[in-house]
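The values are calculated or read from the model by the stated rules, or taken from the named source; none is laboratory data. Please read all numbers here as calculations on a predicted model, not as lab measurements. For neighbour counting, all protein chains shown are included, and Cβ atoms are generated from backbone atoms with ideal geometry for every residue, glycine included.
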């Protein structure tokens, strides 16, 4: 089914999803693979929302950069000689070739590999062979188009929409303010894990906020002491939610390998917190660490996921630091591997002619909340 078919359906195709969580049903299967819907998501979500693309400490020195493709858009994030962090389109102003290959590095300038056009670390054109005599070409004002960039608690966010609201307005939220007490800006990345899933991107944040599956899938890993009953979902506008809850830390047998983060000494050993910011930023914290996850679509049925493990700077001087970080890295890979086969099965199942969206349950309150926000954004006229 595609969006053209939807327009000829009688009534609201998402009426069942819009019901109260105890009466609602999940989204129709085609929403997770239809190419027209995917194109609409790229336009209305990934080219308009604030997107987390990394951490400030990944760009410590002038010239540190990363070239990446976000929902098909090639960009460069770079710290300039003036120590300012900027983002700009990785698209040469001559023929559109990417001036930096996808990846990370250290540069003094960026050179287009096709015709040698040269740009400084701010994206300004500083060299264009055989072009100075061209009529109508303003050499001095030519630069790679800037992309909006802002930071929060050490996280870097970009927005492709010049008319978007400031990031600060988006983050004016009770859950975000609680997340700030975790002081992510006082932590550093000790592990980065990126992998690809054969699924629609929406299944990834849905899975990360799905506590319903925790005991079934993760019962022998982190969820041994996870409390599902009475989970306190705090739902907020724009599909956001946050919750403080009880869970082991993300290490074998829930062991606090380094002890508590200094600013959470008053919390119990099984303290946990999560906050979700649409469309794709899930932040999880335990009393000893912070683990955010982001995902980006590579197509209607392929998604790239990145998970970071962050620890307080103070932990680096503690005994066996590298060895313990390796234990944490291995464990997060174990937990995420427990999900991967199930998510692939989800993607396969929504294609089946036998699939009929099942009911949501109270333990899926966060998913139900974000699905309704999604429907309002992508299908604003679906009510007929």
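Worth a mention:
- Residue in segment 30-42 that is modelled with pLDDT under 95 and touching a strand residue (DSSP E or B) at 6+ places or on another chain (Cβ under 9 Å) present: no
- Flag for residue 143 being surrounded by fewer than 17 Cβ atoms within 10 Å (Cβ to Cβ) and not assigned by TED's automatic domain parsing to the domain that holds residue 227: yes
- When the test is whether a residue is more than 28 Å from residue 345 (Cα to Cα) and surrounded by fewer than 19 Cβ atoms within 10 Å (Cβ to Cβ), residue 48 passes it.
- Test: residue 302 is free of Cβ contacts under 8 Å to residues at least 60 places away in the same chain, touching a strand residue (DSSP E or B) at 6+ places or on another chain (Cβ under 9 Å) and surrounded by fewer than 19 Cβ atoms within 10 Å (Cβ to Cβ): no
- Residue in segment 288-299 that is surrounded by fewer than 19 Cβ atoms within 10 Å (Cβ to Cβ) and more than 20 Å from residue 226 (Cα to Cα) present: yes
- Restricting attention to segment 136-160, the residues that are over 14 Å from residue 73 (Cβ atoms) and part of a loop (DSSP other than H, G, I, E, B) add up to 9.
- Extreme residue, surrounded by the most Cβ atoms within 10 Å (Cβ to Cβ), among residues of segment 231-253 that are in contact with a strand residue (DSSP E or B) (Cβ under 9 Å, 6 or more places away or on another chain) and on the phi > 0 side of the Ramachandran plot: 239
- Screening residue 54 against (1) in a helix (DSSP H, G or I); (2) buried (at least 17 other Cβ atoms within 10 Å of the Cβ) leaves a single unmet condition, (1).
- Residue check for residue 97: in a loop (DSSP other than H, G, I, E, B) and either out of contact with any strand residue (DSSP E or B) (no Cβ under 9 Å at 6 or more places or on another chain) or without any contact (Cβ under 8 Å) to a residue 40 or more places away in the chain (or both): yes
- Going through (1) more than 23 Å from residue 326 (Cα to Cα); (2) modelled with pLDDT of 95 or more; (3) surrounded by 15 or more Cβ atoms within 10 Å (Cβ to Cβ) one by one, residue 184 falls short only on (1).
- Restricted to segment 357-384, and to residues there that are exposed (fewer than 14 other Cβ atoms within 10 Å of the Cβ) and more than 29 Å from residue 223 (Cβ to Cβ), the residue that is modelled with the lowest pLDDT is 384.
Matching residues to (1) surrounded by 15 or more Cβ atoms within 10 Å (Cβ to Cβ); (2) over 16 Å from residue 142 (Cα atoms); (3) over 29 Å from the mean Cα position of the chain (by Cα); (4) assigned by TED's automatic domain parsing to the domain that holds residue 56:
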{"residue": "81", "(1), (2), (3), (4)": "no, yes, no, yes"}
{"residue": "86", "(1), (2), (3), (4)": "yes, yes, no, yes"}
{"residue": "90", "(1), (2), (3), (4)": "yes, no, no, yes"}
{"residue": "94", "(1), (2), (3), (4)": "yes, no, yes, yes"}
{"residue": "97", "(1), (2), (3), (4)": "no, no, no, yes"}
{"residue": "106", "(1), (2), (3), (4)": "no, yes, no, yes"}
{"residue": "116", "(1), (2), (3), (4)": "no, no, yes, yes"}
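- Matching option when the condition is over 22 Å from the mean Cα position of the chain (by Cα), part of a helix (DSSP H, G or I), closer than 16 Å to residue 209 by Cβ and in contact (Cβ under 8 Å) with a residue 24 or more places away in the chain, among 346, 363: 363
- Any hit, segment 167-174, residues being surrounded by fewer than 14 Cβ atoms within 10 Å (Cβ to Cβ) and within 21 Å of residue 43 (Cβ to Cβ): no
- Any hit, segment 202-215, residues being without any contact (Cβ under 8 Å) to a residue 24 or more places away in the chain and either surrounded by 17 or more Cβ atoms within 10 Å (Cβ to Cβ) or farther than 30 Å from residue 159 by Cα (or both): yes
- Against the conditions (1) surrounded by 15 or more Cβ atoms within 10 Å (Cβ to Cβ); (2) in contact with a strand residue (DSSP E or B) (Cβ under 8 Å, 6 or more places away or on another chain); (3) touching a residue at least 40 places away in the same chain (Cβ under 8 Å), residue 225 satisfies every one except (1).
- Any hit, segment 129-142, residues being in contact (Cβ under 8 Å) with a residue 40 or more places away in the chain and on the phi < 0 side of the Ramachandran plot: yes
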